[in-house]
Amino acid sequence: LVAMFPYVGVEFMVYETLKKRWEAAFGPVGTGILLLLGALGGAAAQASAHPLDVIRRRMQMQSMNFRKNIDNKDKPVKKYANMFQGLYRVSKDEGVHALFNGLGPACLEKIPSTAIGYFIYEGMKVALKISSV
């Protein structure tokens, strides 16, 4: 949920900003441009929210990692107590680039669906006779 807010906000902001600039410079947008702008919005959103997804996944997986203590009892290793600590520790220990591991495949997954989603969004606005804000 934490990564969802920045993702959707960045996605919509980038899409709408690029669309307004395109219309101001070149006129109405066509199908190909709508798909391109949706893809760019999706890529920007994925890049901005990906570090949060990396930490979320690591926090989910840390409960599966166990370490034997002196009494031979399994105790979970707490690596990250919260999202902020996770972002700080990964950046410090592994470098900021580690927060973007897997961004390429994530973009390949999200970009096509975002592009198609915004194309449908624009089509529905026309069909319902609704204008952008």
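Values quoted throughout were computed directly from the atomic coordinates according to the rules given, and no laboratory measurement underlies them. Please read all numbers here as calculations on a predicted model, not as lab measurements. Neighbour counts run over all protein chains shown; Cβ positions are idealised from the backbone, glycine included.
For this structure, a couple of remarks:
- Relative to the longest principal axis of the Cα atoms of the chain, the long axis of helix 103-127 makes an angle of roughly 30 degrees.
- Note on the chain: lysine pairs with Cα distance below 30 Å, sequence gap of 8 or more or different chains, count 16.
- In the chain, helical runs assigned H by DSSP with n ≥ 4 each contribute -39500 (n - 2.57); averaged across all residues and rounded to the nearest 500, the mean residue ellipticity at 222 nm is -24500 deg cm²/dmol.
- Kirkwood Rh, Cα atoms: Rg over Rh of the chain: 1.17
- Within the shell defined by Cβ-Cβ distances under 15 Å, the residues around Leu37 carry a net charge of +1, with Lys and Arg each +1 and Asp and Glu each -1.
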